[in-house]
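This report concerns only the one structure given below.
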Amino acid sequence: MRRTAILSALVVAMLGMASIASAVTATIDMNILTPTNVAQALVGPGVTISNVTFTGDPAQGGTFTADPGTIGFDTGVVLSSGNIADTIGPNTSDNTTTDFGGVGDGDLTTLSGFPTLDAAVLEFDFTPDADTVFFRYVFSSEEYNEYVNSEFNDTFAFFVNGTNCAFIDDGVGLVPITINTINNGNPFGDAGSATNPALYRNNDLDDGGGAIATEMDGLTIVLTCMAPVISGEANTMKLAIADASDGVLDSAVFLEEGSLSTTPPDDAGKVTGGGRIDAEDGAITFGTTVIGDEQGLRGNLQMNDHKTGDRLHGYSVDSLSVVDNTATWTGSAKWNGEDGYSFEITVVDNRNGNSAKKGAPDTIDVTVTDGGGAVIWSTDGVQDLKKGNIKIH
Ligand SMILES: [Ca+2]
Ligand SMILES: [Ca+2]
Ligand SMILES: [Ca+2]
Ligand SMILES: [Ca+2]
């Protein structure tokens, strides 16, 4: 199917002159800003960046400001498969488009399941001061709602060291965020074809929308990327968005200013911490984060047994129980880089910091099982933290 949007683009251009009032109020693209200016706007506590590059038309990336309540945060970076100036509200068209005739992105094509075009890609190296990074974002598109569950499955991704952190856990697996994985069905409101509607905000003029003061016809709620990283070393970041199947009907992703950080977002933290549980020569060190929000439970648990050389990377959280100062959770894990393992961890947050003056030490108890349920590694029961701190929020 070939779609055109020339007429509506003209209408938008005319209406746009009279409607610079509320909403996503302004954008500044890379005809003015450098890629480093744009990437730097993302940086928050605990992170430094370098080696910034941008691929795409300069009008496809930059910064934005918005009125409170429009996007969910008021300033930040925006990347688009069209012109970022066309994210400015109000919503005046069902199919706002800039078709740059640009190339797609191979990684996004894999995620979309359809060929991609007009890719905008911002890449940089970053050095974090801890082993997990976070940032907050909102995906939006003109493909909503009329092209939900079609081949026009515009896609974006945030690749941290090559792994996409823009996903939701649907209970079966990790699903990348696209038009077809977050929506309220097609036709709009059809429960049988809706996917993750609790994460979706309708703004389509044909479906009772338009109150959200941006041109975009549909948006996700504010979502959080959480990714394991290597502390103190250069890690890679690739932020990318593209059209799918043709170059029309823009999709845009908004990223919150200053949110690329090693500190979890205020309202998302459940359990954070790290340290060592062995004072003897050789040590078991660990770092962990569990967050719970509208996207569900997610977590990162990294343990290194320096005596045996074994490494655990827990990458999901399947259950979490927090009672007073004790948290227990289970999840799926890689063991020495190999998938197919599970873990259970219980931590007790007895004090803030690791000074003995502040009371009994925090404790940790970890068990790792293989696919057959056999225990292959553990901390040998409850262990005191010898260094570090666990915080249950
Ligand atoms: Ca639309
Ligand atoms: Ca386009
Ligand atoms: Ca629109
Ligand atoms: Ca599109």
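Scan the range 138-146 and tell me whether some residue there is in the same structural domain as Ala59 (by TED's automatic domain parsing), assigned to a loop (DSSP other than H, G, I, E, B), of a type in the set (D, E, K, R) and within 16 Å of ligand 2 (Cβ to nearest atom). Give the steps one after another, and end with the answer.
Of the range 138-146, the ones in the same structural domain as Ala59 (by TED's automatic domain parsing) are 138-146.
Filter again for assigned to a loop (DSSP other than H, G, I, E, B), leaving 142-146.
Now restrict to residues that are of a type in the set (D, E, K, R): 142-143, 146.
Right, trim to within 16 Å of ligand 2 (Cβ to nearest atom) and you get 142-143.
Taking every residue of the range 138-146 in turn, at least one turns out to be in the same structural domain as Ala59 (by TED's automatic domain parsing), assigned to a loop (DSSP other than H, G, I, E, B), of a type in the set (D, E, K, R) and within 16 Å of ligand 2 (Cβ to nearest atom).
Taking the range 338-362 as the range and being under 16 Å from Gln302 (Cα atoms) and of a type in the set (Val, Ile, Thr) as the test, the residues that pass are Ile345, Thr346, Val347. When Asn202 is tested against (1) within 16 Å of ligand 3 (Cβ to nearest atom); (2) in contact with a Phe, Trp or Tyr (Cβ under 7 Å, 6 or more places away or on another chain); (3) touching a residue at least 60 places away in the same chain (Cβ under 8 Å), just one condition goes unmet, and that condition is (3).
Within the range 206-232, can you find the residues that are closer than 15 Å to Thr87 by Cα and surrounded by fewer than 21 Cβ atoms within 10 Å (Cβ to Cβ)? Step through it out loud before you land on a result.
Filtering the range 206-232 for residues closer than 15 Å to Thr87 by Cα gives 210-220.
Hits for the range 206-232 are Gly210, Ala211.
Among the residues of the range 98-106, are any more than 23 Å from Thr27 (Cα to Cα), under 20 Å from the mean Cα position of the chain (by Cα) and more than 16 Å from ligand 3 (Cβ to nearest atom)? For the range 98-106, residues more than 23 Å from Thr27 (Cα to Cα), under 20 Å from the mean Cα position of the chain (by Cα) and more than 16 Å from ligand 3 (Cβ to nearest atom): present.
Of all residues in the range 361-380, those being closer than 19 Å to Val322 by Cα and free of Cβ contacts under 8 Å to residues at least 40 places away in the same chain number 4. Considering Asp129, Asp99, Asp67, the condition of being within 16 Å of ligand 2 (Cβ to nearest atom) and not β-branched (Val, Ile, Thr) is satisfied by Asp99 alone.
Rundown of residues vs (1) more than 13 Å from Thr288 (Cβ to Cβ); (2) at pLDDT 90 or above; (3) in contact with a Phe, Trp or Tyr (Cβ under 6 Å, 6 or more places away or on another chain), yes/no style:
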site	(1), (2), (3)
Asn325	yes, yes, no
Ser332	yes, yes, no
Asn336	yes, yes, no
Ile364	no, yes, no
Val368	yes, yes, yes
Gly371	yes, yes, no
Val382	yes, yes, no
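For residues that are surrounded by fewer than 20 Cβ atoms within 10 Å (Cβ to Cβ) and more than 24 Å from Met216 (Cα to Cα), tally how many sit in the range 160-191. Here the count works out to 9.
Kindly provide the set of residues from the range 137-157 that are surrounded by fewer than 22 Cβ atoms within 10 Å (Cβ to Cβ) and away from ligand 3 (no atom under 14 Å from the Cβ), ordered by number. Working first, answer last.
Looking only at the range 137-157, we keep the residues that are surrounded by fewer than 22 Cβ atoms within 10 Å (Cβ to Cβ), and these are 146, 149-151.
Listed by number, the residues that qualify are Asn149, Ser150, Glu151.
Restricting the range 236-251 to residues that are part of a loop (DSSP other than H, G, I, E, B) and in contact with a strand residue (DSSP E or B) (Cβ under 6 Å, 6 or more places away or on another chain), which is farthest from ligand 2 (Cβ to nearest atom)? First the steps, then the outcome.
Restricting attention to the range 236-251, the residues satisfying the condition of being part of a loop (DSSP other than H, G, I, E, B) are 245-250.
Next cut, in contact with a strand residue (DSSP E or B) (Cβ under 6 Å, 6 or more places away or on another chain) only: 247, 250.
Values: Gly247: 4, Asp250: 6 Å.
Of everything passing the filter in the range 236-251, Asp250 is farthest from ligand 2 (Cβ to nearest atom).
When every residue of the range 294-302 is checked against the conditions, none turns out to be more than 24 Å from the chain's Cα centre (by Cα) and either on the phi < 0 side of the Ramachandran plot or in a strand (DSSP E or B) (or both).
Selection of the range 321-331 for residues being surrounded by fewer than 18 Cβ atoms within 10 Å (Cβ to Cβ) and in a strand (DSSP E or B) yields Ser321, Val322, Val323, Thr326, Thr328.
The values are calculated or read from the model by the stated rules, or taken from the named source; none is laboratory data. Please read these numbers as outputs of a predicted model, since none were measured by experiment. Please note: Cβ atoms are built from the backbone with ideal geometry, for glycine as well, and neighbour counts cover all protein chains shown.
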